[in-house]
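What follows is calculated from the coordinates using simple rules that are stated; it is not laboratory data. None of the values given here were measured: they were computed from a predicted structure. All Cβ positions, even for glycine, are placed from backbone atoms using ideal geometry, and neighbour counts span all protein chains on display.
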Amino acid sequence: METNKNNFKPTVLVIFGITGDLSTRYLLPALYHLENYGLLPKNFLVLGVSRKRLNKKEQTRLLTKSIETKVEDVNKDSFKKLCDKFDMLSFDPAHEVDYTHLREYLSKLEEKKSLCFNRLFYLAVPPSIFSSVVDKLGAGNLHKTCEHNMASVRVLIEKPFGFDLESARELISNSRKYFTDEQLYRIDHYLAKETAQNILTLRFSNPLFENVWNNKYISNIQITASESGGVEGREDFYEQTGALRDLVQSHLLQLMSLTTMDRPADQSAHSIQKQRLKILESTIPISRSDIAEQALRAQYDSGSIYGDKVGSYKKDVGRNSTIVETYVALKLNIDLANWRGVPILLRTGKRMMDRYTEIAINFKENAKQKIPGNLLTIRIVPNEGVALKLVVKKPGFSHQTEEVSMDFCYRRSFDDRNPDAYERLILDAIRGDQTLFPTSEEVIASWRVIDSVVKEWSMSDRGLLFYPAGSWGPKSAKQFAEQYCIGWRPYDPAVCKI
Ligand SMILES: NC(=O)c1ccc[n+]([C@@H]2O[C@H](COP(=O)([O-])OP(=O)(O)OC[C@H]3O[C@@H](n4cnc5c(N)ncnc54)[C@H](OP(=O)(O)O)[C@@H]3O)[C@@H](O)[C@H]2O)c1
């Protein structure tokens, strides 16, 4: 891993929700790794804010538990350095007076160091309070930096950004009261995964692919995010969200836009975001009358995963009447000359047979010669890599052919560990690079694609199917895909398994 003897500005990262699941499972381990690589600014402080009052011993325990759970060989020196850069403030996001305390804390820090700090506010709190926190940060004069306004203020907002099209618009207009779009960093951690970032390089640095990346050669694209886990302690969140909002609106539509966007004019955030947006704005929204044909939803029932018995979603959330979907499959079309006629299938599910996220690019077959289409698999997790299915002649005296796989696997080609998406996102926010953060326009455009489905599904259970935990989803998912292509590409656990 390259280390960067950086000259980043002094920075304070204020994490709202420091005791929560996201912070302890991802953000603190990510900060540890950044510290270990020497990538954090010289003057850097993490200020965790929480309604709980934790003394220094408890704070160290929080850090130790979070980092030891995620990191195998903790470097004691780096861990200590991170502890020295960590502090907490008792804070209730609902209380205006606490924003005054926060401002005073930050001013004191700057006075003590005689430095003006960049201020990053990371909202790792439930989405229901995003709007009110952003509002109170502005009203509390926290949208400005120290007296001479010498530094930057950035707000990092977790997903889901909004609850539907209308609430996303409201959240955007509310945040614009105090903050400019350049200050808002909307997190979509899929965009920061190593393989997701590699999509553009693979496509645009290999003429072999660039020239056939269109509807003349591609028959369909399938993007799958399959999870074996259930709701795991996040019942309330999931009951308010469901699979469509949680995974499709953000991650899957972003992966779709990376897979289908045109070559950007250059590598700048603006050029890349512009091309991603063009795809989202050209994706035909699913109309109410097309929902039955283009969208499928289901909820997991009891079953077994990797041999262990697990209960139903209803049991997991303790609500017998819940109609929240844990599985979604959608068929979309992009209304652009190079993509017209190519079905894009998206699917995601919880409590599925196995955990993987991948993009399958299915090239057209040669029906006349009975030659199957090539398949290019971009595996995001696990066993990151890219695999291409080729038809070859079987060794021997006959002319029999067989499909074989040619692959590039990160673990085989590179020694370094892949940085976690949150390491990349925190570092980019520190250095002010917005490339991996969706813009307001992208957020609006992606909600637009699914808005009628969001509305329809929240109103009634019409069409809600069930599937046993540990399966690949409801039975009719098979027919659903077969309307548009030869069917779902099955998961191949052998891809990049080393
Ligand atoms: N967890 C994940 O795997 C994950 C993945 C992707 C995105 N996200 C997003 O990240 C954000 C945080 O997720 P999370 O799972 O960490 O949430 P969480 O554990 O439910 O909540 C995070 C923290 O927010 C504070 N909090 C909770 N309810 C609050 C309320 N009503 N008012 C004020 N503070 C409250 C609590 O801290 P105190 O009690 O200490 O104040 C809590 O520990 C969410 O927007 C989520 O959608 C999470």
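Summary table below
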quantity	calculated
Projected-area average for segment 330-452 over all orientations - Cα convex hull basis, square nanometres	12.9 nm²
Evaluated over segment 49-200, the Cα radius of gyration and Dmax, each in Å	17.4, 48
Kirkwood Rh and Cα Rg combined as Rg over Rh, evaluated for the chain	0.98
Calculated FRET efficiency for the pair Tyr217/Ala139, C-beta based, R₀ 60 Å, to 0.05	0.65
Simple Cβ-charge dipole of the chain, Lys/Arg +1 and Asp/Glu -1, about Cα centre, in debye nearest 20	440 debye
Alpha carbon Rg of segment 241-311, scaled by the compact-globule rule 2.2 N^0.38 Å	1.57
Lys455-Lys315 pseudo-label distance in nm [points 7 Å out on the Cα-to-Cβ vector]	3.7 nm
Inter-site label distance for Glu111 and Arg234 at 7 Å from Cα along Cβ, in nm	4.1 nm
Stokes-Einstein diffusion coefficient of segment 152-230, Kirkwood radius over Cα pairs, 25 °C, 0.890 mPa s, in µm²/s	151 µm²/s
Ranked Met261, Met150, criterion: other C-beta atoms within 10 Å, fewest first	Met150, Met261
Förster radius 25 Å - calculated FRET efficiency between Ser152 and Ser268 (Cβ-Cβ, nearest 0.05)	0.90
Net lengthening on full extension, Ile284/His95 (0.36 nm per residue, minus Cα-Cα)	63.8 nm
13 Å cut-off, amide nitrogen to a point 7 angstrom out along Glu170 Cα→Cβ, residues in segment 113-139	128-132
Glu68-Met406 pseudo-label distance in nm [points 7 Å out on the Cα-to-Cβ vector]	4.9 nm
Debye equation applied to the C-alpha atoms of segment 252-411, log10 I(q)/I(0) at 0.17 Å⁻¹	-1.22
Kirkwood Rh (inverse of mean 1/r, distinct Cα pairs), segment 1-87, angstrom	13.2 Å
Whole-number D in µm²/s for segment 292-370 (Stokes-Einstein; Kirkwood sum over Cα pairs; 25 °C, 0.890 mPa s)	156 µm²/s
Pairs of Cα atoms farther than 26 Å apart, segment 150-290, %	35 percent
No Cys partner within the rule (Cβ under 4.7 Å), the chain	Cys83, Cys485
CD proxy at 222 nm, helix term only [per DSSP H run n ≥ 4: -39500 (n - 2.57); per residue of the chain; nearest 500]	-10000 deg cm²/dmol
